Amino acid sequence: MGLHTAPNSFQLLMDKILRGLTFKSCLCYLDDVLICSETFEQHMSDLQEVFDRFRNAGLKLNPQKCTFANSSAIFLGHHISKEGIRPPPDRVRALNEFPPPQNVKQLRRALGMFNWFRKFIPNYSSAAEPLTRLLKKSAKFVWSQEQETSFTRIKHLLLTSAVLAFPRFDLQFFLAVDS
């Protein structure tokens, strides 16, 4: 049995190795590293910097798990490109093919999959409310037209979801919160 703090320790190591590059030219979550650059030349320079830091730390890369100089990538379950962030097409297809749940266990599974991409669905909580209502302890599982409509609507919203744009740091941000 390994150390239960090993992932945290590894993330701290990666944060230390990539200090100063994180959110400037790369993102890192455990052993998933994404290097983003404006130009191909800058990308080569950014790659070299990361390679040098890994070499100095004694880390080695698995070439079979690496891709380089792509215009888009799947990173932590999201499709990232210069246009923005969207759900990966294969995941959206799988969700679209998911059949209506026949019981609470299947409903929990479906909602778990939908929840992963809720940020792409405007007013997700409202759209999913007829489904989540069936999860209450006092509720009897009865799949009605209301649930079918909600289920189909969420799948449609995922298929037609907008790309999440990257923040424009050259513009002013406004933060609205409730009290």
Quiz item: What are the residues whose amide H is under 5 Å from the amide H of Leu21, where those residues sit 5 or more places off or on another chain and H is modelled from the backbone?
Solution: none
Quiz prompt | ³J(HN,Hα), Karplus 6.51/-1.76/1.60, whole Hz, each residue of segment 109-115, x for Gly, Pro | solution = 4, 4, 5, x, 5, 5, 4
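Could you give the length gained by full extension between Leu175 and Thr67, i.e. 0.36 nm per residue of separation minus their alpha carbon distance, to one decimal place? Write out the running numbers ahead of the final one.
Details: separation 108, 0.36 × 108 = 38.88 nm, distance 3.69 nm.
Contour length minus the Cα-Cα distance gives 35.2 nm.
How about segment 38-104: which trypsin sites (Lys or Arg not before Pro) there are in a DSSP loop, with at most 16 other Cβ atoms within 10 Å of their Cβ?
Lys60, Lys82
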Quiz item: Which of Phe23, Phe75, Phe117 moves the most in a Gaussian network model of the chain with Cα springs under 10 Å?
Solution: Phe23
Quiz item: Just Ala94, Ala139, Ala165 to compare: in a GNM of the chain, with alpha carbon springs under 10 Å, which one fluctuates most?
Solution: Ala139
Exercise. Measure nothing fancy, just the Cα-based angle from helix 145-159's long axis to the longest principal axis of the chain, in degrees from 0 to 90, nearest 10.
Key: 20
Self-check item: Among Ser9, Asn62, Ile35 the positive-end extreme of the charge dipole of segment 6-70 (Cβ point charges)
Solution: Ser9
Self-check item: Phe10 versus Gln145: modelled label distance in nm, points set 7 Å from Cα along the beta carbon direction
Solution: 5.1
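Counting only DSSP beta bridges with both residues in the chain, tell me the antiparallel percent, nearest 5.
In the chain, approximately 90 percent of DSSP beta bridges are antiparallel ones.
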Quiz item: Which residue fluctuates the most in the chain, going by a Gaussian network model with Cα springs under 10 Å, if the choices are Leu27, Leu135, Leu59?
Solution: Leu59
Self-check item: Calculated from backbone phi, Karplus (6.51, -1.76, 1.60) coupling profile of segment 87-99 in Hz, x at Gly/Pro
Solution: x, x, x, 5, 5, 5, 4, 4, 5, 5, 8, 5, x
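Full extension from Ala165 to Phe40: what is 0.36 nm times the residue separation minus their Cα-Cα distance, to one decimal in nm? If you can, show how the numbers build up before the last one.
Working: separation 125, 0.36 × 125 = 45.00 nm, distance 2.17 nm.
Here the segment from Ala165 to Phe40 would lengthen by 42.8 nm.
Taken together, the values in this text are just the output of simple stated rules run on the coordinates, not laboratory data. Values in this document were obtained by computation on a predicted structure and should not be read as measured data. Note that we place each Cβ from the backbone using ideal geometry, even for glycine, and neighbour counts take in every protein chain shown.
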